[in-house]
Each structure stands twice: as C-alpha cells, then as structure tokens.
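*Asks:* I have a structure here, written as structure tokens, and I will follow up with some questions on it.
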Amino acid sequence: MAKTKAHTRYKNTDGKVVPGVTTILGNLGWNKNILVAWAKRTALAGDDPTKVMEHAGAIGSLAHYLCECHIKGEEPDTSDYTSEQIEKAQNAFSGYLAWEEMVKPEYAAIEMKMVSEEFQVGGTCDFVARINGELVIGDFKTSKAVYDEHIAQLSAYRKMYLELQPKAKIESGMILKLDKETGAFSHNFISKGQLEWGWKVFSACLELHKLNKARV
C-alpha cells in the first residue's frame, strides 16, 4: 500500500468532479483553532508540525488499511511504512480486534465510495454494519478525541448512503476511536439527533463552499 495515496476524485453521473466531504469541512477551517493551537505547541517543542502531521496521517491511513484488509480477508502490504508507523498502526488495529470480538459487527459495506447526485458531493464511508440488530454508519479514527467535525462528516455519509439505499434505516452512527499508543478503543455512538445537527452543519459548510466558488 502506498504511504501517500492519491487524493480520491469523486465524479457525478455526468463525469464532473465534485468536492469531497473532508475537503469541504477542511477548506472552511472547521476546528481551525484546535489545529492552530496544536501547531503552536508542536513548534515550541522543536518539532515541524507539517512533518508530525504527515507522520500521524500515515499511521492513521495504515490503521484503516489494516482494519479493511482484516474485514475483507486480504493480506496487507506494509512495505512502504517505517517500523514505527507499523508498530503504532498495529496498536490501533489491536484495539479494533478487541472491539470486533466484543461487538461482533455484521458488515454491509466497507470503504464505500459514494457520490450524491442531489447535493453534488462525494465521500468514502469507513463502514456500514449491523450492531445489536441496528444498522449503523461509522468511521475509524486514530485522533486524540472525537470532534464536532467528525459528526458533521458522518452525517454527510449517512445522507449519501440513504440516497443510494433509500430502503435502509440508519438511526445512529459510530465513531470508533483506536488508540495508536495503547491499543485501547472507545466506541462513541452518535444519536440520530446528533446526526441531524451534523447535517445542518455540513449543509451550511457546503453552501459556503458553493458561494466561495461562485464569487465574482
């Protein structure tokens, strides 16, 4: 697996490229204050924030990849990664295995790339699974915490999935946080009310994105 995957390009049925969910949230500076504060602390500690972020991103990508390969029954290729990145990604993956053993999810979709023709936006959902008898849409995260941006992101994936699968019933989401240091996990259920709030947030960001593109 390449350490730096090419940025996913989402296209509608007319072949036109549409923006991704994370691009829309990221370009508008969602959680910018948190990121700026982190960058200041990192720089004051003598580290390059860009390099630290790239390193963390590689670990997160590899952790996702290990989970995906396990679920699909495929052998992962980690040859592009450093020993430290592999070790930390394996820590996160061990957290996933513990969660899987406890929850026993029944997967309906993994790494599902979607495009909404109604909203002209694309995104890749980590998983849709039946948990405790209910269909749940979810994301794997190796971040330090669960942020509001994650809820907005998940709500957009839910909206796109329901557009493609109108008979599906998804009343909740899950952000499965995997600790790359300790191997611990925390599964954070996102209620229908939180998802509806998240969709309002994402809708507002999407409109601002469109206005920015249309300015004269």
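The values are calculated or read from the model by the stated rules, or taken from the named source; none is laboratory data. What you see is a predicted model, and the numbers here were worked out from it, not measured in a lab. In this analysis, Cβ positions are derived from the backbone assuming ideal geometry, glycine residues included, and neighbour counts consider all displayed protein chains.
*Asks:* Given 154, 208, which one is out of contact with any His (no Cβ under 7 Å at 6 or more places or on another chain) and either more than 30 Å from residue 97 (Cα to Cα) or of a type in the set (Val, Ile, Thr) (or both)?
*Replies:* Unique residue meeting the criteria: 208.
*Asks:* Tally the residues that are part of a helix (DSSP H, G or I) and either of a type in the set (D, E, K, R) or crowded, with 23+ Cβ neighbours inside 10 Å (or both), restricting the search to the stretch 131-150.
*Replies:* Residues that pass the stated criteria total 2.
*Asks:* Then there is this: Could you say whether any residue in the stretch 67-80 is at pLDDT 70 or above, under 19 Å from the mean Cα position of the chain (by Cα) and either assigned to a loop (DSSP other than H, G, I, E, B) or closer than 25 Å to residue 147 by Cα (or both)?
*Replies:* Yes.
*Asks:* While we're here: Take the conditions at pLDDT below 90, aliphatic (A, V, I, L, M), closer than 21 Å to residue 176 by Cα and surrounded by 14 or more Cβ atoms within 10 Å (Cβ to Cβ) and apply them to residue 112. Does it pass?
*Replies:* No.
*Asks:* Could you run through the stretch 124-143 and say how many residues are out of contact with any strand residue (DSSP E or B) (no Cβ under 6 Å at 6 or more places or on another chain) and farther than 12 Å from residue 176 by Cα?
*Replies:* Adding up the residues that qualify gives 4.
*Asks:* Suppose we keep only residues that are in contact with a helix residue (DSSP H, G or I) (Cβ under 7 Å, 6 or more places away or on another chain) and hydrophobic (A, V, I, L, M, F, W, C) within the stretch 87-110. Which one would you say is nearest to residue 185 (Cα to Cα)?
*Replies:* 92
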